[in-house]
Amino acid sequence: MEELGCYYFHIFYPSHIYINQKSPFDFEFEDYNYSVIIIKTLRSLITNDFNNKIVGHTDNEGLRHHELIKKEIDLGKGSLVIEFTDGNIAYALDNRKHLYTEFYTKDYTEIVLLFESTKKADNISIARKALDYFIDCYRHVSGDVLTLSITKTTYVSIVTKEYFYIYSEDELKLPKEDRNKISREFKLGVKQMTLPFWGTQGKRLQSDETKIAADLTDFFKKKSKTNSLQEFLLRAREELNVHKNYKYAFIETWTSLEVAIVSYLRKAKLAKGISKNKIDDFESQVGISYLLNIELPLIHKTNDENFKIFIRKVDAIRKLRNKVIHQNKDITPTEAENAYQITLEFLNYMGILKIFPAVVGVPASNDLGK
């Protein structure tokens, strides 16, 4: 028989959650009954010290030891202090050396989430999913956009603790809704730790740094400007590779395609002598499907098999986009990656944009959902 008990999940959530209720919030989510307790809000001190370092480990009888070199907070001449309206210090800068030290605060909310489960269940995953749901509900009810979902709070470390309490025979005899109303004493253990900037810290672009430097110098020399198409592509790449938000990555990808196609056709029409006013009059009345499948083949210099394959692939992205917008379809990592890759290949094939050449050579599949 599986051991039944109460799973406790503890976290210092990296935001000030505006709730003053001390009693639990009880809710049901995906076949589990949860209780969330807001313990308190608190403010931590974060130090960013360019002079500080962690000493490499030393062996002592086979054990590894680490020593963190600490320093007193001594704000002397040349320091900068910024205060909150209540007089408390919000930010301090020790600027006496070239490698300065800064101190600033971060708001947190201590939260405990608990639910009845079995010891063998993947309770940490269940708890994190329930916490995401609770925060999402709080954001919708309060309108608090300053409190981000846990997947977007990548700028600080997050430590989660847990404890699984096994019910006694007497507790099992209690009604299910009363089993976790009992006061219990136990010590939480660290279960997971998420390091700051997990999406970018320690990662490097697989790029030619010398070429990037030369390209950037050339960019400034020619007085070039960034454009909306590049911005949409960069946003798509960021959502895809850093935030892992595949639906947003897909939407940004499609937007870049739509911007590129409309701009390409507009330029071709102007070159044919069609007035700007006429184009403006009709542009909003013509759908992107018509522009892609009718106008683009008419204007493009060739209508060979390669071009037709690209049109079919881009049209598949368009159809998937309609499902995302009108049916709230989720996007898989594969669908987002393939849409992005096809977009880069298409824009380079059309000569619309020469960007990210390092990833263009990877052939994209046709796996764009059903």
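The values are calculated or read from the model by the stated rules, or taken from the named source; none is laboratory data. Since we're looking at a predicted model, the values are computed, not measured. Positions of Cβ are generated from backbone atoms using ideal geometry, with glycine treated the same way; all protein chains shown enter the neighbour counts.
Here are a few things to note about the model shown:
- Residue tally, condition assigned to a loop (DSSP other than H, G, I, E, B) and either at pLDDT below 85 or outside the structural domain of residue 24 (by the TED database) (or both), over region 71-125: 20
- Close pairs from region 129-140: first in a helix (DSSP H, G or I), partner among the acidic types (Asp, Glu), Cβ under 9 Å, at least 6 apart: 129/30; 130/30; 133/30; 138/144
- Complete set of residues in region 1-57 that are at pLDDT below 90, out of contact with any Ser or Thr (no Cβ under 9 Å at 6 or more places or on another chain) and among the hydrophobic types (A, V, I, L, M, F, W, C): 1, 54, 55
- In the condition set (1) of a type outside the set (Phe, Trp, Tyr); (2) touching a Lys or Arg at 6+ places or on another chain (Cβ under 6 Å); (3) within 23 Å of residue 124 (Cβ to Cβ), residue 46 is compliant with all but (3).
- Residues within region 317-363 that are crowded, with 18+ Cβ neighbours inside 10 Å and at pLDDT below 60, tallied: 0
- Considered as a group, the residues in region 215-224 that are out of contact with any helix residue (DSSP H, G or I) (no Cβ under 9 Å at 6 or more places or on another chain) and either at pLDDT 80 or above or in a loop (DSSP other than H, G, I, E, B) (or both) include one that is surrounded by the fewest Cβ atoms within 10 Å (Cβ to Cβ), and that residue is 223.
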